[in-house]
Amino acid sequence: RSANALALMETAIMKNTLDGVRRGLDNGISPDDLLPHYPSTALGMAAQEGNFDIVRLLLDRGANVNQTFGQHNATALSQACQTARSAVVRLLIESRADIHFSGHSCLENIIETSGEMNEHLIPARSMQEINDERTAIAKLLLGPQLRISLGTSTRASLESQLSLDGDF
């Protein structure tokens, strides 16, 4: 795969251009290839950007939902949690994403990133929107489908940082 073709795929994901991503896949780029300028796979980058339709396309085209990348062994799910993308988190979990990555659960990732957010990760979103997304992710992960068990300190951190109603 040429570096140029991968760079075009990366640009299409950054610009949320579904047709550009589809063209790259049709021309032989694997959804599991590492991107040249971004330490991620196409799925990881699309998940971080919150590009729901691109994430769905990549999954439909066979992307490995649990592939790790980067020095911290990130996954698409960890990227979506880090940037508070609840719809993408739900889609990845429905696609059998492992909720544990690099020794951290998705919930722990939410807690770790719930303080000051790096603006390049979550552009043009208010802290209220971000906190609403984090709350939705926590409720999804703690709901009847998954019932992730929490330690006391993790539960206390979630309760203090998010608007959880105690029904978890």
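The values are calculated or read from the model by the stated rules, or taken from the named source; none is laboratory data. Owing to the predicted nature of the structure, the values given are computational and were not obtained by experimental measurement. Don't worry about glycine lacking a Cβ; one is built from the backbone with ideal geometry, like all the others, and counts go over all protein chains shown. Just so you know, the surface numbers come from the protein's heavy atoms only, side chains and all, with ligands and any DNA or RNA stripped out. Shrake-Rupley method; radii C 1.70, N 1.55, O 1.52, S 1.80 Å.
Can you tell me which residue within the stretch 13-30, out of those that are aliphatic (A, V, I, L, M) and farther than 9 Å from residue 42 by Cβ, is least open to solvent (accessible area, probe 1.4 Å)?
We begin by selecting, within the stretch 13-30, every residue aliphatic (A, V, I, L, M); these are 13-14, 18, 21, 25, 29.
Next cut, farther than 9 Å from residue 42 by Cβ only: 14, 18.
On the way: 14: 120, 18: 53 Å².
In this case the residue turns out to be 18.
Name the residue, out of 84, 3, that is surrounded by fewer than 21 Cβ atoms within 10 Å (Cβ to Cβ), farther than 15 Å from residue 95 by Cα and among the aliphatic types (A, V, I, L, M). Step through it out loud before you land on a result.
Working: 84 fails: surrounded by fewer than 21 Cβ atoms within 10 Å (Cβ to Cβ).
So the residue among 84, 3 that is surrounded by fewer than 21 Cβ atoms within 10 Å (Cβ to Cβ), farther than 15 Å from residue 95 by Cα and among the aliphatic types (A, V, I, L, M) is 3.
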Name the single residue that is nearest to residue 78 (Cα to Cα) among those in the stretch 11-55 being touching a helix residue (DSSP H, G or I) at 6+ places or on another chain (Cβ under 7 Å) and among the charged types (D, E, K, R). 49
Every pair of residues 6+ apart whose Cβ atoms lie under 9 Å, when the first sits in the stretch 69-93 and is at pLDDT 85 or above while the second is of a type in the set (Phe, Trp, Tyr) and in a helix (DSSP H, G or I): 87/52; 88/52; 91/52
Out of the stretch 31-62, which residues are open to solvent by less than 20 Å² (accessible area, probe 1.4 Å), part of a loop (DSSP other than H, G, I, E, B) and modelled with pLDDT of 95 or more? none
